[in-house]
1. Only helical DSSP H runs with n ≥ 4 go in: add -39500 (n - 2.57) per run for the chain, normalise by residue count and round the 222 nm mean residue ellipticity to 500 deg cm²/dmol.
2. With only alpha-carbon pairs counted, each pair once and no self-pairs, how large is the Kirkwood hydrodynamic radius of the range 343-420 in angstroms?
3. Could you state the angle between the C-alpha long axis of helix 120-129 and the longest principal axis of the C-alpha atoms of the chain, as a value from 0 to 90 degrees rounded to the nearest 10?
4. Quickly rank 310-318, 278-286 as a protection proxy: mean count of other C-beta atoms within 10 Å, highest first.
5. Can you give me the angle between helix 299-312 and the longest principal axis of the chain, using Cα atoms only, in degrees from 0 to 90, rounded to the nearest 10?
6. Counting other beta carbons within 10 Å of each Cβ, put 383, 289 in order, fewest first.
7. Can you pull the Rg over Rh of the range 178-236, Cα-only, Kirkwood?
8. Restricting to the chain, compute how many DSSP beta bridges are antiparallel as a %, nearest 5.
């Protein structure tokens, strides 16, 4: 596999001829419905042919503006292996014109989770990509303060997951009425009977519907209830282990144990890492629909969270969160306005339609572009592409993480699934294993 960037004058046919493949194959791998419509700056995946991340007989000549990191991402290999292969101990020593040998790496095995909301779009994504997932997690069973659970129309999603060889993972959350309710979770945690009722209800649903794991996504947990949250997680884990189920928890993106704010203070990385089987880091939404324009998951910020997480949780218990979407903001940004959510396909199609050249932020490792709409208003779009997900997969390999977790299935991002499988073997899990 290789990732190239469209230059002025490139066509899919010319790229196919240049790299020894077909335009039809490139269109399929990259999710292109109109192979004649490419945007300058667009990332295109060139598919590989074997089970190695890279196996190049010819060296790579460093071009002006390239870095060791960008070259590693281009070929889907780790920065460490690229440097070792070439005897380079300082990535700044690769100068324009120098020749680099691209290493061959054996694919590691990881777990991959995909959150999904009920509906035809989500079900179709599960059917298309369950083979590339360890877990499929319908979102979500909303908890009440008395320990009861709201019903969730998850039957079709569970069946689609099972048909594709993915294990369904039940999600319980305090997400009610379009927001995470701090009061609900506080009242639940302060009522022992409610906690016992919740555990019994979880077991009942998991047994009835064929779930094999549980994810607890309680957000905005008050700091005063942190230890009670730990106690509930212990009870859940002890009980569900008896039935052969795994338990995980979702964690806000913290960079230290002392991080302040309602989103963070009730989430203790070290404690939860000891209690549950694995955790999911919600490493996205720096740029969010109600906030200022920026990358959704800038790699420099994601790296800070992962670096802290592995200092207090074993890496093989960590799934790193990854967004499958982007946002379109109207400029100048005004507080209180919201951005439009876009899939990768929608973002690229919009760039083509608006004649926008796609840029790439090397620090955030994220693509973006600007354009003017029909009313003369300027917009900025931040999204994910093959380069940005490759950079994140390299982070998974660098830290030796358990795997990744996608938010959210139901948006079109063909490149991601090809790049994922080019980098990793995906572990599978059945009930009781």
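1. Working: 15 runs with 153 residues, N = 433.
That comes out to -10500 deg cm²/dmol.
2. Values: mean 1/r = 0.0721 Å⁻¹.
One decimal place: 13.9 Å for the Kirkwood radius.
3. Around 70 degrees separate the two axes.
4. Working: 310-318: 17.0, 278-286: 23.9.
In descending order of packing, they fall as 278-286, 310-318.
5. Between helix and principal axis, roughly 40 degrees.
6. Working: 383 29, 289 15.
Result, fewest neighbours first: 289, 383.
7. On the way: Rg = 12.0 Å, Rh = 12.3 Å.
Ratio value, two decimals: 0.98.
8. Working: 26 of 62 bridges.
Expressed as a percentage, antiparallel bridges in the chain total about 40.
No value in this document is a laboratory result; all are computed from the given coordinates. Predicted model only: the values in this text are computed from it and were never measured. Methodologically, a virtual Cβ is constructed for each residue, glycine included, from the backbone with ideal geometry; neighbour enumeration extends over all protein chains shown.
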